[in-house]
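Shown next, in structure tokens, is the structure this report addresses.
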Amino acid sequence: MMNDIAVGIDVSKKKLDICIAREGKYKSKSLSNTNSGHKELTKWLQSQGISYEVPVALEATGPYSEAIAIHLSENDWRVSVVNPARISGFAKSELSRNKTDKADAKLIARFALRADLEVWQPPTPATRELRALVDRLQALSDMRQQELNRIEGLSQTAKVTVKEMILDHVQWLEEKIDSIKSEIDDHIDGNPELKRDADLIESIPGMGRRATAQFLSYIGDVRRFKSAKALAAFIGVTPRQKLSGTSLKGRSSLSRAGHNAARKALFMPGMVAKRYNPVIIAASSRLEARGLTPKAIIGASMRKLVHLIYGVVKSGTKFNAKIPLSALDFQEGI
């Protein structure tokens, strides 16, 4: 697919570097990554004769890119949030040497001229609020673990008051953690769409309440994906094979070219599912018999969980082991 005009945006914490690619010429501009900068961007694009149908592409850079992507989407621009791995691969194909914000914006614009881009769908306000709560819970949990590690690291000669201060902080953190967990539950229960999907996902053995909340906060509505494979590729749990002639035959591994936080959130559920989910137990046994390593089997378990999640949400039917067991379509080789 070739577009005649495209816009590329390189997003950083404090600024936006924009490039319009049109008829072999490029026009660049830098703006602040703030609400006022976002409004100025849309006005500038319109002043340059850019219509709403022109593709606007930017890399997925977490909270820095989401704000501008939401602004563009809510104002009817055809925005696409692209996996950085795709842009990186395109840069290598062009033998790009320069690495500046302006050069990156130009590179993204050239990519948008040639690529078949999907229009980005912004997360709902309820999903955004859930992710804010989930991120805060994770931050407090990390602080708690750091404090517990400090207690273990205290020398025998350390003053008792230091340990007491740390314990007081741990207790405060645990109270806040419990409070946010309750708030997450209330938020999900108070939103019919989130509640419906959460109930479906939690019916899958291995997907507990916290893992489900994390998954929904990072992914949102899985129905926006065309297939379970597309969802697995977005998260980065698809297999990457290493086969080339007779000289290279390495073990397959997870691609990891996807949503890092969502992939991490599936690791523990993948381990639990290996023990308690009948579908994944059966598939894991087959892979173990073939000699796959425990780590590779966990990766396969994570991928199967994604397929099961997609299946229950898409169908609106809670997990039933008889359905996937009757036609086990587990993708082997990882």
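Within the stretch 255-314, the set of residues being open to solvent by 60 Å² or more (accessible area, probe 1.4 Å) and in contact with a Ser or Thr (Cβ under 7 Å, 6 or more places away or on another chain) comprises LYS274 only. Here LEU95 qualifies as more than 22 Å from PRO123 (Cα to Cα), of a type in the set (A, V, I, L, M, F, W, C) and out of contact with any His (no Cβ under 8 Å at 6 or more places or on another chain). Total residues in the stretch 175-192 satisfying the condition of being touching a helix residue (DSSP H, G or I) at 6+ places or on another chain (Cβ under 7 Å) and open to solvent by 70 Å² or more (accessible area, probe 1.4 Å): the figure is 4. Listed by position, the strands (runs of 3 or more DSSP E) contained in the stretch 7-116 that have at least 3 residues being buried (at least 18 other Cβ atoms within 10 Å of the Cβ) are 15-22, 55-59, 78-82. Screening PHE234 against (1) assigned to a helix (DSSP H, G or I); (2) more than 22 Å from ARG128 (Cα to Cα); (3) at pLDDT below 90 leaves a single unmet condition, (2). Figure legend. Inter-residue proximity from the stretch 174-192: first residues under 29 Å from GLY316 (Cβ atoms), second residues of a type in the set (S, T, N, Q) and outside any helix (DSSP H, G or I), beta-carbon distance below 9 Å, spacing 6+ or different chains. Indicated pairs: ASN191/THR124. Scanning the stretch 198-236 for residues that are within 12 Å of HIS259 (Cβ to Cβ), without any contact (Cβ under 8 Å) to a residue 40 or more places away in the chain and among the aliphatic types (A, V, I, L, M) yields one hit, ALA233.
A search for C-beta distances below 6 Å between a residue of the stretch 62-91 that is without any contact (Cβ under 8 Å) to a residue 60 or more places away in the chain and any residue that is open to solvent by 30 Å² or more (accessible area, probe 1.4 Å) and in a strand (DSSP E or B), counting only pairs 6+ apart in sequence or on different chains, returns ALA69/VAL81; VAL82/GLU59; PRO84/GLU59; ILE87/GLU59. Those helices (runs of 4 or more DSSP H) of the stretch 251-326 in which at least 1 residues are at pLDDT 90 or above, considering only elements entirely within it, cover 260-265, 267-276, 278-289, 294-315. Residues in the stretch 91-116 that are of a type in the set (A, V, I, L, M, F, W, C) and on the phi < 0 side of the Ramachandran plot: ALA91, ALA103, ALA105, LEU107, ILE108, ALA109, PHE111, ALA112, LEU113, ALA115.
Among the residues of the stretch 117-134, just one is of a type in the set (Asp, Glu) and surrounded by fewer than 15 Cβ atoms within 10 Å (Cβ to Cβ), namely GLU118.
Condition (residue is assigned to a helix (DSSP H, G or I), open to solvent by less than 40 Å² (accessible area, probe 1.4 Å), on the phi < 0 side of the Ramachandran plot and touching a residue at least 12 places away in the same chain (Cβ under 8 Å)) applied to the stretch 144-157: is it met by at least one residue? So far as the stretch 144-157 goes, yes, one or more of its residues are assigned to a helix (DSSP H, G or I), open to solvent by less than 40 Å² (accessible area, probe 1.4 Å), on the phi < 0 side of the Ramachandran plot and touching a residue at least 12 places away in the same chain (Cβ under 8 Å).
The values are calculated or read from the model by the stated rules, or taken from the named source; none is laboratory data. This is a predicted model, so every value here is computed, not measured. Reconstructed Cβ throughout: ideal geometry from the backbone, glycine too, with neighbour counts over all protein chains shown. The area values use the complete protein model at the heavy-atom level, side chains included, leaving out ligands, DNA and RNA. Shrake-Rupley method; radii C 1.70, N 1.55, O 1.52, S 1.80 Å.
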